[in-house]
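Have a look at the structure below before the remarks.
Just so you know, all these numbers are worked out from the coordinates, no wet-lab data involved. Here the structure is a predicted model, which is why all the values come from computation and not from measurement. No Cβ is skipped: glycine too gets one built from the backbone with ideal geometry, and neighbour counts run over all protein chains shown.
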Amino acid sequence: MKRRFYHLLLIIGISFQGALHASIPDGLNSANQSLSAGHPAEALTAYQSVLSSPDFSNVSAPEIWYNRGLAEEKSGDSLAASLSYRRALLLDPTLTPARTHLTSVLTLLGISEATPWSGPLFIRFHPDLLVLGGAVLGWLGALALVVLVFSGRYRKNKRPGLIGLALAALIFGHALSLLGAWADPRRLAGDQAIVSGKGEQTLRDTPADSAQAEGTLAPGSLITILSRNGAWWKISSGPKTGWIPSTAITTLLPPAAGS
Amino acid sequence: MCSISNRGRWIKPFMIGNILKLMQVFKTALIILVALWIFVGVMVSDCRAAGNTSVTAELSRAEINAGEMAELQVHVSGADNARVPQEIQVDGLQIRLTGQSTQVQMVNFKVSSSVVYSYIVMPMSTGKFTIPSIPVRTDSGTMQTAPLSFTVLDSSGVAGQTGSGGGAQVASQPGMPGFAAPRQVPQGNAPPTEGRMAFGEITTAKKKIYAGEMIPVEISYYFDARYPVQILSNPDLASEGLLVERFPDPKQSREDRDGITYNILTFHTLLSAVKPGSIDVPPVKLKTQIQMPGAVPPGFDNPVFQQMLGGQNPFTQTRELMVKTPSLHFDILPLPKEGRPASFAGAVGEFDSDAVVANPKPLPGDPAVLTVKIGGKGNFRAMGPPILTDSDGWRTYPPADKIDSSDALSLEGVKSFDFTLIAQEKKTNSPGSEFSYFDPTTEKYVTLSTKPLPLKASPLTDVVTPTATALSTPVQPSQGVNKSPAVTANSNDGEPLSSFTVRSWKTPVQRAEFLIGSLAMLLAAVSLGGILHFRDLQTRQGSVAEQRRRLTALWASLNSGTLDAASTYDAALEYATLLGVSESDEVILWITARRDVLKYGVGGSVLLGSDERSKLLETLGKISSNKASS
């Protein structure tokens, strides 16, 4: 029985690893060297090339996005850097350097927004760890509970402590898994974007250039997409809601990942 | 009577029905007739119009300043297919066709139509020009407009330039105020003198001011209330070394002076000087257009005609008038260098300060915002930010500022400076602030300060996680630099990470592998439960069958009478125990006691007596039947 259980875990692990497989291109080392040597433009081209490769459509590496953000920041493009840092944090909310740099570039952009996903739990543990670890613990508890309840040998011994422990593992593990899933920034990222147009963008009350202005949004501001109407998207940012041209915003997920 | 009434009763419905039918016929005929009449009328009038073709040309303004434009309209009536030139060649002017419009009028059932061709006239030089006759080709031949004279003045403009006649259209400046004709334009051929008709005044509280000091200035323009006025520009208050705020909307009022009622237009603004010295502000001009009485043509000046017009003079002329204020002189004093604080950043006026922290408990690594508010009266736009004190352990950025004015000119109000602060070490207080200004009333510098405010902030670098550490490239501390937390944090900046982890853009829950894995685990748990339950059941079922077999065998051996006495009681004890009789039960105790006597005493090895065996079997049979029934 134990052997079968371990086989099952192994299959799950292999399937996850297989899904996350992506080869790290060799050019990254030279890009890193260019960035360290003070040539951010060269490094940026290399990072862009790597991140736009087909291997990185469904998966990505937060560290490459962070490095790209550094290159953009050093090139003086704080807006692009903020997007790269946000994407790095989206993939790995525990990536502390990305958080620090995002705070800096947002400040430079005049946005005093609290950095996202900065709860004490979430900056310590990656959501994947919470979800998968919680799921493993929960299912182990579930299996243990099944054994304790249905096996005659254990039933005769009547060990309530063991059953309680298994039940606790079942509940806590799955609760942890749910918490991780809820806290995962990628959960909402599909409907999130940043203002990427140059200069302040005007929110309109209807999808038309001539519509009444509802307020403005600074470049780099995080927004939530509520609906889409052709070239105009209805968005919200804090208390502000209105329509904005889709050309003035960039989705948080890269287009390939978003699709 | 009776017959008549009967006949009338019979005839009435017939007559009413016919009358209704007739009315319907008449109504239809009438509609057709009216339509025909209108159609014929239109056709006749069109023919009449066609036979009466005329072309005229008209300039929107006969005089313009250089840089302005005028409109030339060519009216063609009575011809449908007129052709006009696209451009009209005049040296020094550029005249181009911009479009056409058709006007149809119906007066006393006479329909007339005219086509208006619009040209834009752009002067390329100043001087007097003559726009030649414009040829208009129609189906009935080529017709010519009358030549027009056109004057382009120097853009500096001279007050009192005479304009076109009363019929000229004036392009008014949008958003500019004006005084509509409050009264009829007075009679008379001689216009009043300009000084009495319109003049300006400029007043200021001080003429000796400090560099950077903001002083309010009031500019009033007086217009004789009898003449309609259109304002064409803002006052052109400008002088080298002076900064002038934009003019808010002027206020309008009315005042009697020297027996004349004046409409007054009052502009308020703020002035400040950028450098010490003496500044002469030239007269502040305002470009206006005034409608004045014009000359009465011969034949219209007899009293009878004027009485017919109700005493009004319909012949007016529009004049552009540049209204001026007197000039003004300022002495600009330098700000004293003695006693100038280090935190002085150009503020001149009277101020106070306050500070507030918007988010006193930011999350680790998140910025706190310290807002320093400078309130009072002075040069808010020119003043620089306060300086932060006790800012060690903070990373700070240049503040964003915002002015909330309590007046339109922003002389009084509050200027807020938002400092973004990022803790580089654990902090329990915000920085303080220091702000200095020069008070022109007391002629001294004043320094204001705010105390550090309580807050709780910590850097993100305090929370170093195993994951983050594993992901981050080990960064070598910079050599020979200050080891304060802020500098250490900065020294880590800019180093790219060289170890990579592959992450999905989807959450685990959104991925098929997770769902498949979860389903597999659920299936495994259910299967495991099922298997265990089945096994347990199997085990339990196996033991019962065995028990039954043993009981049957025991019962058979007890009944056979082949066992000795001790063995019989042994078998009886096992039988009772297998039936589930408790060890403390009387039957068990009796069987046990008798067996021990037989086994350890005498008679254990002989066959049991038939009576005793029957009694034993009867007891066991009762127990068996009791158990079976329960």
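Against the empirical 2.2 N^0.38 Å (N residues), the stretch B:336-447 has a Cα radius of gyration ratio of 1.14.
Hey, with R₀ at 60 Å, roughly what FRET efficiency would B:Y600 and B:I531 work out to, going by the Cβ-Cβ distance, to 0.05? My answer for the efficiency is 0.75. Take each residue in B:517-524, count the other chain C-beta atoms within 10 Å of its C-beta, and the mean is 6.
Take the Kirkwood radius over Cα pairs of the stretch B:232-294, plug it into Stokes-Einstein at 25 °C and 0.890 mPa s, and you get 171 µm²/s for translational diffusion.
For the pairs B:K128/B:K287; A:K198/B:K456; A:K198/B:K402; A:K234/B:K427; B:K377/B:K451, note any where the Cα-Cα span goes beyond 31 Å. Check vs 31 Å cut-off fails for A:K198/B:K456; A:K234/B:K427. In terms of its C-alpha gyration tensor, the stretch B:533-629 has a prolate overall shape, because the principal axis ratio a/c (a ≥ b ≥ c, square roots of the eigenvalues) is not below 1.5 and a/b outweighs b/c. Quick one: check the C-alpha center-to-center distance for the stretch B:587-601 versus the stretch B:397-436, whole angstrom. The stretch B:587-601 and the stretch B:397-436 have Cα centres spaced 104 Å from each other.
Across the stretch A:127-184, C-alpha contacts under 8 Å between residues 6 or more apart give a mean separation that, scaled by the residue count, equals a relative contact order of 60 percent.
The three principal axes of the C-alpha atoms in the stretch A:188-258 carry coordinate ranges of 34, 23, 22 Å, sorted with the longest axis first. Stretching the chain fully between B:V356 and B:S449 yields a gain of 32.2 nm (0.36 nm per residue, less the alpha carbon separation).
Sorted on the mean count of surrounding Cβ atoms within 10 Å across their residues, most packed first, peptides A:244-253, B:390-399, A:135-144 read A:135-144, A:244-253, B:390-399.
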